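The values are calculated or read from the model by the stated rules, or taken from the named source; none is laboratory data. Here the structure is a predicted model, which is why all the values come from computation and not from measurement. Here the Cβ positions follow ideal geometry from the backbone for every residue, glycine too, while neighbour counts run over all protein chains shown. Surface accessibility is based on the protein's heavy atoms, side chains included, excluding ligands, DNA and RNA. Shrake-Rupley method; radii C 1.70, N 1.55, O 1.52, S 1.80 Å.
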Amino acid sequence: MPDEQRPRVVIVGAGFGGLEASKKLACEEVKLTVLDRTNYHLFQPLLYQVATAALSPADIAAPVRAILHDCKKVEVILGEVQSVDVNKRLVHTGDLRVTYDYLILATGARHSYFGHPEWERLAPGLKSLEDAVEIRRRILMAFEYAEKMYAENTGDAAQRSGAMTFVIVGGGPTGVEMAGAIAEISRYTMARDFRYIDPSKARVILIESEPQVLAAFPEDLRNSAMKQLQDLGVEVRTGVRASDLTEEGLRVGDEYIRSRVKIWAAGNNASFVGKSLGVPVDRVGRVIVNDDLTIPGHPEVQVIGDLANFTNQYQEPLPGVSPVAMQQGRHAARNILGMIEGRPPQRFWYFDKGSMATIGRNKAVADLHAVHLSGFPAWLVWLFVHIIFLVGFRNRIVVLLQWAWSYVTFNKGARLITRNFQAETRPPA
Ligand SMILES: Cc1cc2nc3c(=O)[nH]c(=O)nc-3n(C[C@H](O)[C@H](O)[C@H](O)COP(=O)(O)OP(=O)(O)OC[C@H]3O[C@@H](n4cnc5c(N)ncnc54)[C@H](O)[C@@H]3O)c2cc1C
């Protein structure tokens with residue numbers, strides 16, 4: 001079919017949802033444009049390993065152009081979408097206007113600080129490679145700073161303990177993974193690297209407002225996760241909220257905790273692009289989609305993944321996890337191919353295979369519905385699934401080798417402090 005007669009499909013976002021849709025449409029008889037504000041697809045589930053120096057940024061990201069290069073007709077544009085005009089069928093970036101016949105919007109989510117945007121600077125969240133490298137810098141700098149204080153005999157007792165106290169706010173899978181990984185690097189990886197401090201004495205505190213961590217998991221796995229965290233020396237505080245964040249620390253319930261490094265894993269807000277569609281959104285800005293993923297009044301527009309609020313047959317919104325985004329991406333692509341042939345979009349059904357969270361070496365929980373695993377077997381399943389779904393052959397091999405190396409040696413190879421190290425070795429004002 002000549003190019004000008006092909007329907008023009010635009011996919012915004014090359015994350016889990018957008019990339020699946022792109023791969024399905026890339027070699028079809030459509031004119032496909034994929035737009036993303038980064039030039040890579042990011043495997044977010046392993047971001048915590050970049051943040052804790054187990055992996056390097058390039059190990060968990062793959063260039064979008066390279067992933068789609070086999071289909072020569074795909075156009076990939078690097079640009080940040082500001083808004084969508086659904087009446088004119090136009091996608092706006094800062095300097096471009098891209099027209100479409102069919103649109104898939106998959107711009108994901110960012111953190112939510114529950115009305116305290118000023119906390120973002122004090123307690124970064126983990127969503128992008130930049131976030132992960134910044135968190136890695138803060139964690140590694142905390143040990144350098146403590147070493148310097150002890151070596152020069154400066155700082156009072158509170159400053160010294162605050163320097164090596166890491167607080168993670170939010171006991172969902174990301175918070176649990178971060179807490180476990182920080183405990184591991186301080187207890188094992190860095191234990192022998194310093195002369196004046198003992199990194200294994202670092203305090204790692206995980207805060208969760210619900211009565212237990214991993215609230216979405218079955219009770220036996222929640223209990224198991226709690227025990228596995230405690231075995232690693234993580235102090236878990238449940239049923240309390242964090243407040244009054246400052247450079248020096250934060251309040252947790254009635255207690256004030258001095259802590260130099262705070263990490264936010266407590267909430268999400270959908271990407272701002274969803275609101276520009278002019279259709280109803282939920283409390284966190286997710287677009288409320290029809291049961292076929294289209295938006296009200298515009299069957300040519302579909303919203304998927306973390307940006308969509310999709311209610312399943314039990315009237316529950318689907319969780320913000322990668323299998324939801326990937327299945328919706330494939331479904332949205334199939335809907336478009338059907339609509340081009342004159343068929344209406346079809347209802348989306350989610351096939352839930354279960355969920356997992358890792359806590360550390362040989363430590364994890366996995367809810368596979370029929371069977372609940374914890375400890376070593378859950379950890380093995382977690383490793384296997386993450387290697388399978390990691391995008392890019394090079395990434396799979398590199399990550400597998402890094403994990404094997406770390407498992408045998410307890411070492412983490414990416415302990416690099418990048419940017420601003422002189423300013424950070426000074427005590428905070
Ligand atoms: C730290 C972390 C750990 C996680 N661990 C797990 C896990 O273990 N298992 C699991 O199932 N899920 C996990 N998730 C959730 C999972 O990653 C998300 O549910 C999934 O990424 C959602 O896919 P998506 O396509 O909706 O959005 P994303 O994958 O977030 O993709 C959004 C894409 O849109 C682009 N974008 C955003 N805004 C714009 C814009 N304005 N213009 C252009 N492009 C834009 C972004 O650059 C990105 O490429 C984790 C998430 C995080 C943050």
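Structural remarks
- Antiparallel bridges, percent of DSSP beta bridges restricted to region 1-148 (to nearest 5): 45 percent
- Net charge of Cβ neighbours under 11 Å - reference residue 189; Lys, Arg +1; Asp, Glu -1: +3
- Label-point separation, residue 410 to residue 282 (7 Å along Cα→Cβ), nm: 4.4 nm
- Note on region 309-429: with charges restricted to the Cβ of Lys and Arg (+1) and Asp and Glu (-1), its dipole about the Cα centre is near 420 debye.
- Between residue 144 and residue 220, the FRET efficiency from the beta-carbon distance, with R0 = 30 Å, is close to 0.15.
- Sulfur and carbon atoms: percent of accessible area, region 1-113 [1.4 Å]: 47 percent
- Average accessible surface area per residue within region 66-152, 1.4 Å rolling probe, Å²: 47 Å²
- ³J(HN,Hα) computed for each position of region 158-169 - Karplus, 6.51 cos²θ - 1.76 cosθ + 1.60, integer Hz, glycine/proline x: 5, 5, 5, 6, x, 5, 10, 10, 10, 10, 10, 9
- Counted charge near residue 109, where neighbours are those whose Cβ lies closer than 11 Å (Asp, Glu -1; Lys, Arg +1): +2
- Of 121, 136, the residue with the largest accessible area leads and the full order is 121, 136 (1.4 Å probe).
- The residue among 268, 49, 257 whose Cα reaches farthest toward the positive pole of the charge dipole of the chain, with charges on the beta-carbon of Lys, Arg, Asp and Glu, is 49.
- Protein heavy-atom accessible surface, 1.4 Å probe, per residue over region 294-338: 36 Å².
- 0 to 90° range, to nearest 10: angle between helix 393-409 axis and the chain longest Cα axis: 20 degrees
- One Cα centroid belongs to region 243-272, the other to region 85-133; the line between them spans 23 Å.
- Candidates 176, 385, 81: whichever shows maximal mean-square fluctuation once the chain is modelled as a Gaussian network with Cα springs under 10 Å: 385
- Size of electric dipole in region 219-314: Cβ of Lys, Arg +1 and of Asp, Glu -1, about Cα centre, debye, nearest 20: 280 debye
- Across the options 295, 382, 395, the greatest Cα extent toward the positive end of the charge dipole of region 247-395 (unit charges at beta carbon of Lys, Arg, Asp, Glu) belongs to 395.
- Computed 3J(HN,Hα) for region 262-276, one whole-Hz value per residue from the Karplus formula 6.51 cos²θ - 1.76 cosθ + 1.60 where θ = phi - 60°, is 10, 10, 9, 9, 10, x, 10, 10, 5, 4, 5, 4, x, 5, 6, glycine and proline marked x.
- Taking the Cα centre of region 170-269 as origin and assigning +1 to Lys and Arg Cβ atoms and -1 to Asp and Glu Cβ atoms, the resulting dipole is close to 320 debye.
- When each of 363/412; 127/262; 23/275; 24/72; 148/201; 227/262 is checked by Cα-Cα distance, pairs over 19 Å: 23/275; 227/262
- Note on region 273-429: with neighbouring protein chains present and a 1.4 Å probe, carbon and sulfur make up 61 percent of its accessible heavy-atom surface.
- Working from Cα pairs under 8 Å separated by at least six residues, relative contact order for region 281-429 is 12 percent.
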